[in-house]
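Beneath this line is the structure, given in structure tokens, with notes to follow.
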Amino acid sequence: MCLAIPAKIIAIDTTNDRATVSVDNIQVEVSMALVDDVIVGDYVLVHVGYALNKIDQDEALKTIALFAEAGLSSAP
Amino acid sequence: MKYIDEFREHSLAQQLAAAIKQEADTDRTYRLMEFCGGHTHAIFRYGIQDLLPHNVEFIHGPGCPVCVLPMGRIDNAIELVEQHDVILCTYADLLRVPASQGKSLLKTKAAGCDIRMIYSTQDALKIARENPDREVVFFAIGFETTTPPTAVAIKQAREQDLKNFSIFCNHVLTPSAMQAILDAPEPVSIDGFLGPSHVSTIIGSQAYEVFAQHYLKPIVIAGFEPLDVMQSSLMLIRQLNTNRHQVENEYTRAVTRTGNVKAQSLMQDVFCLRDEFEWRGLGLIPKSALKLNENYAEFDAELRFQLPAIKASDVKGCECPAILRGAKRPVDCKLLGTVCTPENPMGSCMVSSEGACAAYWSYGRLRGAKAKRLSA
């Protein structure tokens with residue numbers, strides 16, 4: 001039930017606090033009632049029709065770098 | 001898909017597996033509880049357990065809201081539609097959960113009652129607007145991830161003056177369940193926790209600091225993708241190897257220390273703590289669940305329809321309660337795969353897409369059984 005998927009914001013309707021997001025080219029409308037300061041092009045986690053949080057691109061890249069780093073430490 | 005494919009990358013998984021193998025001390029075991037059913041399914045779906053050395057074990061936790069809901073609450077929901085003729089709106093996970101007398105919401109719907117599967121609380125509000133002459137009840141369930149959307153719906157129902165809308169509230173709290181597991185009279189041996197992904201986006205990593213400090217258990221907040229689970233396991237192994245017990249955050253792309261403050265304040269505005277709540281497997285836990293506070297009590301279906309507390313017994317032989325505590329594995333249950341299957345579930349852990357029994361059934365039901373035979 002806690003599953004949420006990353007979706008890209010493609011349009012925001014500020015009049016009713018809703019946005020159109022795209023997941024693998026499928027578009028759905030979600031509520032933005034739980035997030036502030038997001039803009040078109042941002043990625044958000046979508047859960048039961050709500051954007052829960054913005055995804056931090058810099059942190060995502062850092063995490064992927066950490067995976068690779070762990071691999072290096074185990075190299076023969 | 002962006003933010004998914006990169007976190008399932010095969011060669012990085014192999015590298016992480018090699019790092020874990022190298023750093024795990026062969027003279028000890030690492031018993032790591034993954035709290036969330038989402039992690040349990042990632043572990044089985046992607047074969048993570050097979051990539052790790054034998055002394056790194058995953059203990060499956062109670063983080064599946066459908067699984068921990070006692071049967072009496074499903075009986076209550078059936079009473080709502082059978083005796084009060086309401087339109088009951090529910091998330092799909094709940095439909096096949098066994099209730100008393102062989103019933104379920106799905107069978108009750110098939111018998112003619114008005115039960116509607118919805119994706120979002122917004123759908124429930126729409127149904128209430130379209131049916132002003134009917135009472136519409138939303139079966140609210142879930143941990144802190146799913147609670148803020150219910151809070152938004154309640155506030156909108158107030159703004160839109162939807163007098164025919166109410167919720168049957170079953171929202172529960174993650175830290176309370178974690179504490180119940182650690183405080184159990186015969187606690188399961190756990191060396192560290194893989195902390196929740198999306199619950200933590202809301203409550204923040206600081207919510208777990210008390211467990212690291214008081215119970216001296218390391219906790220790593222872990223994303224739900226397979227590389228997240230592997231990296232987090234490595235971080236736990238490193239903490240245990242150096243006798244550290246801290247809250248670390250692997251899922252930094254979505255989780256901060258303070259969490260989603262806007263969602264937290266919405267929850268605080270709408271809900272208050274129940275004195276106690278019954279959890280399947282964990283029993284009565286004080287201050288572990290939410291109800292609508294006084295200001296929003298008019299939207300509380302339990303009050304509106306005066307629902308009684310129903311004590312119901314699980315199916316005989318079903319090991320769901322012990323599995324939810326981490327005391328048993330699904331392969332320890334005689335019903336698994338014999339009389340209990342996803343088509344004909346005996347316990348909730350076989351129903352939910354986050355349930356441990358459903359994970360064993362779908363992705364590796366024989367894996368644990370084989371290990372058991374070898375060690376016997």
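For the reader, a short list of remarks on this structure follows.
- Gained length - B:L182 relative to B:A92, 0.36 nm times residue gap less alpha-carbon distance: 29.3 nm
- Beta-bridge orientation, chain B: approximately 20 percent antiparallel, per DSSP, counting only bridges with both partners inside.
- Entries of A:K54/B:K155; B:K155/B:K291; A:K8/A:K54 with Cα pairs more than 18 Å apart: A:K54/B:K155
- Sequence-separation-based contact order of chain B, relative, with Cα cut under 8 Å and 6+ spacing, percent: 22 percent
- Charge tally in the Cβ shell below 13 Å around B:K262, where Lys, Arg are +1 and Asp, Glu are -1, B:K262 excluded: -2
- Applying a DSSP loop filter and a limit of 14 other Cβ atoms within 10 Å to the trypsin sites (Lys or Arg not before Pro) in the stretch B:1-98 leaves B:K2, B:R28.
- FRET efficiency, 1/(1 + (r/R0)^6) with R0 25 Å, evaluated for B:N131 and B:E298 via beta carbons: 0.85
- Spacing of the two label points (7 Å from each Cα toward its C-beta) at A:I12 and B:E343, in nm: 4.9 nm
- Under Karplus coefficients 6.51, -1.76 and 1.60, residue-wise ³J(HN,Hα) of the stretch B:219-225 in Hz, glycine/proline x: 9, 10, 5, 10, x, 8, 7
- Net length available on complete extension from B:M1 to B:D269 is 92.9 nm, with 0.36 nm assigned per residue and the Cα-Cα distance removed.
- Cα gyration tensor, the stretch B:243-376 - rounded (a/c under 1.5), prolate or oblate: oblate
- The modelled label-to-label distance for the pair B:E209/B:T258, using points 7 Å beyond Cα in the direction of Cβ, is 1.2 nm.
- Among B:Y296, B:I43, B:V172 - extreme Cα towards positive end, dipole of chain B, charges at beta-carbon: B:I43
- Cβ-placed point charges (K, R +1; D, E -1), dipole of the stretch B:22-314 about Cα centre in debye, nearest 20: 300 debye
- Taken one residue at a time, the phi angles of the stretch B:280-294 give Karplus couplings (6.51, -1.76, 1.60, θ = phi - 60°) of 5, x, 10, x, 6, 10, x, 6, 10, 8, 10, 9, 5, 7, 3 Hz. Gly and Pro are set to x.
- Nonlocal amide H pairs with B:R116, under 5 Å, H built at 1.01 Å: B:L88, B:C89, B:T90
- Restricting the stretch B:166-246 to chymotrypsin sites (Phe, Trp or Tyr not before Pro) that sit in a DSSP loop and have at most 11 other Cβ atoms within 10 Å of their own Cβ leaves nothing.
- Overall form of the protein assembly as shown per C-alpha gyration tensor (a/c, 1.5; a/b vs b/c): oblate
- Helix-only CD estimate at 222 nm, as mean residue ellipticity for chain B, using -39500 (n - 2.57) per DSSP H run (n ≥ 4): -10500 deg cm²/dmol
- Charge context of B:K103, other residues only, Cβ under 10 angstrom, K/R +1, D/E -1: -1
- Expressed to the nearest 5 percent, the antiparallel share of DSSP beta bridges inside the protein assembly as shown is 45 percent.
- Structure remark: mean-square fluctuation, Gaussian network model of chain A, C-alpha springs under 10 Å; the largest value among A:L61, A:L34, A:L45 belongs to A:L61.
- Computing FRET efficiency as 1/(1 + (r/R0)^6) for A:E59 and B:D27, where r is the C-beta to C-beta distance and R0 is 45 Å, gives about 0.80.
- Amide H contacts of B:G195 (H built 1.01 Å from N, in plane; Pro and chain starts excluded): B:V220, B:I221, B:A222 sit under 5 Å, all sequence-distant by 5 or more or on other chains.
- Among B:E248, B:E276, B:E225, the residue with the largest mean-square fluctuation in a Gaussian network model of chain B, with springs joining Cα atoms closer than 10 Å, is B:E276.
- Around the amide H of A:R18, modelled in the peptide plane, lie the amide H atoms of A:D13, A:M32, all under 5 Å away and 5 or more residues distant in sequence or on another chain.
- Ordering B:P226, B:A359, A:G49 by Cα displacement along the dipole of the protein assembly as shown toward the positive end leaves B:A359 in first place; charges were set at the Cβ atoms of Lys, Arg (+1) and Asp, Glu (-1).
- Inter-centroid distance (Cα atoms) of the stretch B:14-67 relative to the stretch B:162-238, Å: 15 Å
- Considering only alpha-carbon pairs that sit under 8 angstrom and 6 or more positions apart, the relative contact order computed for the stretch B:237-376 is 13 percent.
- Cα-based helix-to-principal-axis angle, A:57-73 vs chain A, degrees rounded to 10: 20 degrees
- Local electrostatic count, B:V56, Cβ distance below 14 Å [Lys/Arg +1, Asp/Glu -1]: -3
- Charge dipole magnitude, Cβ of K and R +1, D and E -1 - the protein assembly as shown, Cα centre, debye nearest 20: 1280 debye
- Largest GNM mean-square fluctuation among B:A309, B:A358, B:A13, using chain B with Cα springs under 10 Å: B:A309.
- Span per principal axis, largest first, for the Cα atoms of the stretch B:22-314 (Å): 66, 40, 34
- Residue order, fewest to most beta carbons within 10 Å, for B:D123, B:D133: B:D133, B:D123
- Gyration tensor verdict on the stretch A:5-73 (Cα atoms; rounded if a/c is under 1.5, prolate if a/b is larger than b/c, oblate otherwise): prolate
- Karplus-derived 3J(HN,Hα), 6.51/-1.76/1.60, for each residue of the stretch B:137-144, Hz, glycine and proline x: 10, 9, 7, 7, 8, x, 7, 4
- Full-stretch length increase - B:S11, B:E82 - with 0.36 nm per residue and alpha-carbon distance subtracted: 20.1 nm
- Residues of the stretch B:68-82 with amide N under 17 Å of a point placed 7 Å along Cα→Cβ from B:K311: B:70-76
Only the coordinates and a few stated rules stand behind these numbers; no lab work does. Just so it is clear, the model here is predicted, and its values are computed rather than measured. All Cβ positions, even for glycine, are placed from backbone atoms using ideal geometry, and neighbour counts span all protein chains on display.
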